[in-house]
1. Below 10 angstrom from the Cβ of residue 160, what's the summed charge of the other residues (Lys, Arg +1; Asp, Glu -1)?
2. Counting Lys +1, Arg +1, Asp -1, Glu -1, what net charge surrounds residue 52 among other residues with beta carbon under 15 Å of its beta carbon?
3. Please work out the Cα center distance from segment 162-217 to segment 125-159, rounded to the nearest Å.
4. Count neighbours as other Cβ atoms within 10 Å of each site's Cβ, and list the chymotrypsin sites (Phe, Trp or Tyr not before Pro) in segment 84-190 that are DSSP loop with at most 16 such neighbours.
5. Using the structure shown, list the pairs from 37/178; 131/169; 87/127 with a Cα-Cα distance above 21 Å, or answer none.
Amino acid sequence: MDWLKTVLFCSSIVIAGYFVGNMHKIGKKYDHFVQVKGLSEREVNADLAVWPINITLTANDLKSLKSNIETQNDEVYEFFISQGFDKSELTKGSTNISDVRADTYNANFQNNEFRYIAKSEFTVRTKDINKLQNALSESLELMSKGILLGSKNTWRPIEYIFTGLNEIKPSMIEEATKNAREVAEKFARDSNSRVGEIRIARQGLFTINDRDENTPQIKIVRVVSTIDFQLED
């Protein structure tokens with residue numbers, strides 16, 4: 001019985017050593033990987049434009065100011081209708097009126113020709129970018145009628161938006177993964193290895209930026225994926 005116990009004890013040690021060594025070998029093999037980044041970029045056209053407009057008016061009495069506001073709002077509305085815009089693409093906003101004489105911070109109000117300044121809001125929202133750009137060039141005719149148009153956002157007069165990200169996401173992720181594998185294969189060739197399966201994949205955030213300052217209606221969509229590939233000897 002003592003002999004049998006000794007044999008079993010020794011066999012257990014050998015078997016345990018084998019499994020521990022094998023696990024260590026597998027673990028070391030699993031640690032043999034390369035981390036690379038894959039890039040995908042697309043140039044796309046904006047498919048939505050928003051133009052927030054301010055119509056500025058001045059007057060010395062509220063009655064004439066009210067009449068001018070109504071007249072100019074109607075003329076601006078009819079202008080965009082004549083340019084082919086649908087009523088659903090046009091929104092009349094609120095009107096803000098400032099009394100220059102009531103402004104305690106304006107010490108030189110006596111030098112102002114007009115007492116009241118009004119800004120009437122008007123928003124154009126359309127998916128037809130070309131139509132909006134044509135209307136923008138034709139809007140100078142409103143100046144001949146004494147209508148002063150200005151953008152509510154002076155730093156970005158018209159906001160161009162791309163809304164089709166979900167449609168191109170799958171193909172861009174596929175492209176970024178393919179690009180990452182090409183980089184990994186180049187590294188593997190230099191190290192006399194072969195690229196195996198994906199170990200860990202981290203999808204980066206999608207970014208949408210203007211191509212440049214002069215063409216904000218053209219966007220650059222970009223994503224960078226970080227992927228760990230297993231390397232095999």
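1. Local net charge: -1.
2. Spelling it out: positives minus negatives among the neighbours equals +2.
3. Each part's Cα centre sits 38 Å from the other's.
4. When the chymotrypsin sites (Phe, Trp or Tyr not before Pro) of segment 84-190 are filtered for loop state and at most 16 Cβ neighbours within 10 Å, 105, 114, 155 remain.
5. 131/169
Readers should treat all values here as calculations from the given coordinates under stated rules, not as data from a laboratory. In this text the structure is predicted, and so the values were computed from the model without any measurement. Reconstructed Cβ throughout: ideal geometry from the backbone, glycine too, with neighbour counts over all protein chains shown.
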